[in-house]
């Protein structure tokens, strides 16, 4: 019984961490679907979102303002990156935007570190947290919130992509950019909206990350960025539901592996190994179809 | 500011070592077109192999540097095998992942020194004399020149041609009978071997190494050397290394902002001058060649 409860607790905290990965991966999926570029700078957007929320909350003490500030900062930053980096360099060899994206991520990280300090900052919303006790099972409120927020926003995004004009334009664009252009899709506009949306998810993920771990740091994007890549590979590229599932699977798998096999390698290493093995064995992703 | 010989020797040695690492990257990325964003991992494999060979097994530096070259060659070949299955972007992130895994292994296993690293790595000896200070610098530059000559030689052979074909168009390369798999593995292995030699030189110069010396930011540093100098030339790698090492030394305030500098350089170069300052297509290199030719009186007449 004790072992069962312990196992369940591990699965729940795995789901919580996994939903943070999933929220991060949603942004990457949107961008990859459209431009077929790995948007590593998304991790920089994530860091910007965390510090925007931190500043707004320190200044006002209002949770809603902190969330809005984070979403606003990340969307603007995302659109700036799309406008200045990705769209102008569409015709260059593919490794150029990729390396630029990585460099921009590191640059963002370092600028944040130099402005706000290299050390982690405590991050919590007052009156938010604690745990629900359910018999022997204790459920962390922040973790539960992270799961619910990610589920709700994935659903919203999925509906948006399936049901609205802008969603359908995005799909057309991701299938064939030239034809979509010829049919009158305003390409830059669709790209900007996707970047704004995807980046907003990074802002939300950053807040959930800060609350869940109790602190933020300029380097918080390092590992999450990589795991978000693992997630989109797991989920098949460009698929929203795939990103959600991939995130949850990775979170739970990691939690269980670390809980029961922690002595082999540190937690962070598993995701990298999973990624490499997966890319070799199933390059189209676990849920993706072979093209 | 007076420049002591010790300081100059240190800088020159570090420039030579990273020049070798960047040269390796130029072979893998510039020549063969295979993205490698984890070159520091191979520097690490070489440094570790060399340190363990000398400290734990009391081999000489000369044996150790060969072992370092072999170890990183094999590690590179392993990554090369993985690369066969991967497309460009995913290859790139896999190389980053490889860098992280290597660093984790160094940190996690006592054999590789764990969080304390390995100390007491001996200086090389030649004919009973310890090579230190400026002599070490001369030794590093000699190795650099030998490896540059090797790179130049590779360029002229079938191997170099195959690398270029691979970079320009894999399908075409395959259709004219080039074994794409074999040359991809070789491109990684040879580039990694250069990294390993660089690691060995650094390890014996500093006398101690620790896992964090080979973390991902160092891959970015080596990448910025390649990008600044130009990916596809030998002189580019060396000039790139000198620039990236010297800039924060000359402008002391930059020291603290080194990572900002490396990344900003990469961003600006890729945006405005993706071929590098001394790349094949670069006007600077072309005019430099012209000056050199004028000096030598156009003996070769090409």
| Right, residue B:184: touching a residue at least 40 places away in the same chain (Cβ under 8 Å) and closer than 28 Å to residue B:209 by Cβ or not? | no
| query | Assuming residue A:170 fulfils every condition listed in (1) within 14 Å of chain B (Cβ to nearest Cβ); (2) surrounded by 18 or more Cβ atoms within 10 Å (Cβ to Cβ) apart from one, which condition is it? | reply | (1)
| request: Among the residues of the range B:206-229, count how many are under 14 Å from residue B:276 (Cα atoms), at pLDDT below 90 and more than 10 Å from chain A (Cβ to nearest Cβ). | output: 2
| Only one of these conditions is not met by residue A:200: (1) buried (at least 22 other Cβ atoms within 10 Å of the Cβ); (2) within 14 Å of chain B (Cβ to nearest Cβ); (3) at pLDDT 80 or above. Which number is it? | (2)
| Can you pull out the residues in the range A:72-130 that are within 14 Å of chain B (Cβ to nearest Cβ), in contact (Cβ under 8 Å) with a residue 60 or more places away in the chain and within 17 Å of residue A:34 (Cβ to Cβ)? | A:81, A:83, A:86, A:87, A:97, A:98, A:101
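Yes/no per residue for (1) free of Cβ contacts under 8 Å to residues at least 24 places away in the same chain; (2) within 14 Å of chain A (Cβ to nearest Cβ); (3) over 25 Å from residue A:270 (Cα atoms):
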{"position": "B:51", "(1), (2), (3)": "no, no, yes"}
{"position": "B:61", "(1), (2), (3)": "no, no, yes"}
{"position": "B:69", "(1), (2), (3)": "no, no, yes"}
{"position": "B:82", "(1), (2), (3)": "yes, yes, no"}
{"position": "B:86", "(1), (2), (3)": "yes, yes, no"}
{"position": "B:90", "(1), (2), (3)": "yes, yes, no"}
{"position": "B:100", "(1), (2), (3)": "no, yes, no"}
{"position": "B:106", "(1), (2), (3)": "no, yes, no"}
{"position": "B:109", "(1), (2), (3)": "yes, yes, no"}
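Can you go through A:145, A:164, A:154, A:150 and tell me which one is surrounded by fewer than 20 Cβ atoms within 10 Å (Cβ to Cβ), in contact (Cβ under 8 Å) with a residue 24 or more places away in the chain and away from chain B (no Cβ under 14 Å)?
On the way: A:164 fails: in contact (Cβ under 8 Å) with a residue 24 or more places away in the chain; A:154 fails: surrounded by fewer than 20 Cβ atoms within 10 Å (Cβ to Cβ); A:150 fails: surrounded by fewer than 20 Cβ atoms within 10 Å (Cβ to Cβ).
A:145 is the lone residue from the list that is surrounded by fewer than 20 Cβ atoms within 10 Å (Cβ to Cβ), in contact (Cβ under 8 Å) with a residue 24 or more places away in the chain and away from chain B (no Cβ under 14 Å).
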| field | Yes/no for residue B:47 being buried (at least 24 other Cβ atoms within 10 Å of the Cβ), modelled with pLDDT of 95 or more and touching a strand residue (DSSP E or B) at 6+ places or on another chain (Cβ under 9 Å) | value | yes
| query | Of all helices (runs of 4 or more DSSP H) completely enclosed by the range B:26-129, which ones contain at least 2 residues that are touching a helix residue (DSSP H, G or I) at 6+ places or on another chain (Cβ under 9 Å) and farther than 30 Å from residue B:234 by Cα? | reply | B:39-55, B:88-108
| query | Which one of these is within 14 Å of another protein chain (Cβ to nearest Cβ), buried (at least 22 other Cβ atoms within 10 Å of the Cβ) and closer than 20 Å to residue B:144 by Cα: B:13, B:94, B:28? | reply | B:28
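Considering only residues that are surrounded by 22 or more Cβ atoms within 10 Å (Cβ to Cβ) and under 17 Å from residue B:219 (Cα atoms), which ones fall in the range B:101-122? Break it down into steps so the answer makes sense when it comes.
Going residue by residue through the range B:101-122, those that are surrounded by 22 or more Cβ atoms within 10 Å (Cβ to Cβ) are B:102-103, B:106, B:118, B:121.
Residues satisfying the conditions are B:102, B:103, B:106.
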| If we keep just the residues of the range A:257-273 that are more than 9 Å from chain B (Cβ to nearest Cβ) and at pLDDT below 70, which is farthest from residue A:227 (Cα to Cα)? | A:263
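Within 30 Å of residue A:37 (Cα to Cα), modelled with pLDDT of 90 or more and surrounded by fewer than 24 Cβ atoms within 10 Å (Cβ to Cβ), is that true of residue B:77?
Values: within 30 Å of residue A:37 (Cα to Cα): yes; modelled with pLDDT of 90 or more: yes; surrounded by fewer than 24 Cβ atoms within 10 Å (Cβ to Cβ): yes.
The answer is yes for residue B:77.
The values are calculated or read from the model by the stated rules, or taken from the named source; none is laboratory data. Since the structure is predicted, the reported quantities are computational estimates derived from the model, not experimental observations. For neighbour counting, all protein chains shown are included, and Cβ atoms are generated from backbone atoms with ideal geometry for every residue, glycine included.
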